[in-house]
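Q: Mind having a look at this structure? Questions to follow.
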Amino acid sequence: YPDYQPVQSQLVHPIARNLYNLYQNRFGFIAPKDLKDHDIESVIVVDTRSKGRVKEYFQWIKEFKGDIKVYDHHPSDHDDIENAVNHIEDYGATTTILGLELMKREIPLEPEDATIALAAIYSDTGNFQHENVKKEDFEVASYLMKYGASLKLVGTFLRSLKEKHQIS
């Protein structure tokens, strides 16, 4: 979705925060409040389908009547976004869903983007150890390696959470 503007969430995992801090100029995120006074026609929600987790965005969008697409791998929590077009798969990572689409469309990646995506897969799958890991998670990881994903950087991003506040 090259014509879409990414919006930063206040709910950022510590690993994602490390990536964001390193690559913030590359991402071009805007704050949710920057949505105010813009005519938003379409929204893509990634890695959640829960209305409660995206309310920080929609509070700034007046009278939204556009379409919503959701890409997620989590089970429903009975607070799903209504009337969304859902792309829900039971993979170990939401990034796998997006990566399979990149593979299908034969879209090349820059090494930095491949590294970010690989870190997301490693994080979401618990280094490929969670029970919901599927062969597709490995296939997308391999695809990302083909485009120069750095395992060294992924390892740096995923260093163990050791402090009490990180674990909680």
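Q: If I compute solvent accessible area with a 1.4 Å probe over the protein chains, what percent of it on the chain is carbon and sulfur?
A: Accessible surface attributable to carbon and sulfur in the chain totals 50 percent.
Q: While we're on this one: Roughly how many Å² is the accessible area per residue of region 88-153, as a whole number, for a 1.4 Å probe?
A: Here the residues of region 88-153 average 55 Å² of exposed surface.
Q: For a quick check: with amide H placed at 1.01 Å from N, whose amide H comes under 5 Å from Ser150's, ignoring anything fewer than 5 positions away on the same chain?
A: Thr115
Q: Same structure, new question: Give me a comma-separated list of calculated 3J(HN,Hα) values for region 8-17, in order, Karplus coefficients 6.51, -1.76, 1.60 applied at θ = phi - 60°, integers in Hz, x for any Gly or Pro.
A: 6, 8, 7, 9, 10, 5, x, 5, 5, 4
Q: Students often check this: by mean Cβ neighbours within 10 Å, which of 22-32, 121-131 ranks highest, and how do the rest follow?
A: Output ranking for 22-32, 121-131: 121-131, 22-32.
Q: Give the span of region 1-109's Cα atoms along each principal axis, as three whole-Å numbers ordered largest to smallest.
A: 36, 34, 28
Q: Sorted by average packing, counted as other Cβ atoms within 10 angstrom per residue and highest first, what order do 143-149, 111-117 take?
A: The densest-packed peptide leads the list: 111-117, 143-149.
Q: Residues with beta-carbon under 11 Å from that of Gly148, excluding Gly148: net charge, scoring Lys, Arg +1 and Asp, Glu -1?
A: -2
Q: What list of ³J(HN,Hα) values in whole Hz, one per residue of region 51-64 in order, does the Karplus curve 6.51 cos²θ - 1.76 cosθ + 1.60 (θ = phi - 60°) give from phi, with Gly and Pro shown as x?
A: In residue order, the calculated couplings are 4, x, 7, 10, 4, 4, 8, 5, 5, 9, 9, 7, 6, 5 Hz.
Q: If you place +1 on the Cβ of every Lys and Arg, -1 on the Cβ of every Asp and Glu, and leave all else neutral, what size is the dipole of the chain about its Cα centre, to the nearest 20 Debye?
A: 620 debye
Q: Per DSSP helix of 4 or more residues, -39500 (n - 2.57); summed, then divided by the residues of the chain. What does that give at 222 nm, rounded to the nearest 500?
A: Calculated from helices alone, the mean residue ellipticity at 222 nm is -12500 deg cm²/dmol.
Q: Can you list the HN-Hα couplings for region 73-85, worked out from phi with the Karplus curve (6.51, -1.76, 1.60; θ = phi - 60°), rounded to whole Hz and with x for Gly and Pro?
A: Once rounded to whole Hz, the list reads 10, 7, x, 5, 10, 6, 10, 4, 5, 6, 6, 8, 8.
Q: Another question, if that's okay. With point charges of +1 on the Cβ of Lys and Arg and -1 on the Cβ of Asp and Glu, referenced to the Cα centre of region 48-168, which listed residue (Thr125, Ile88, His74) lies farthest in the positive direction of the dipole?
A: Thr125
Q: Treating only the Cβ of Lys, Arg, Asp and Glu as charged (+1, +1, -1, -1), what charge dipole size does region 52-101 show about its Cα centre? Round to the nearest 20 debye.
A: In total the dipole reaches around 260 debye.
Q: Hey, another quick one. Please compare each pair in Lys33/Lys55; Lys36/Lys65; Lys51/Lys104 to a cut-off of 18 Å on the Cα-Cα distance and tell me which ones are over it.
A: Check vs 18 Å cut-off fails for Lys51/Lys104.
Q: Send over the per residue convex hull volume for region 65-168, Cα only, as a whole number of Å³.
A: Convex hull volume per residue, Cα atoms: 143 Å³.
Q: Which of Leu102, Gly28, Ile40 sits farthest toward the positive end of the charge dipole of region 23-168, with +1 on the Cβ of Lys and Arg and -1 on the Cβ of Asp and Glu?
A: Gly28
The values are calculated or read from the model by the stated rules, or taken from the named source; none is laboratory data. In this text, all values refer to a predicted model and were calculated from it rather than measured experimentally. Glycine also receives a Cβ, built like all others from the backbone with ideal geometry; neighbour counts cover every protein chain displayed. These accessible areas exclude ligands, DNA and RNA; they are computed on the full protein's heavy atoms, side chains included. Shrake-Rupley method; radii C 1.70, N 1.55, O 1.52, S 1.80 Å.
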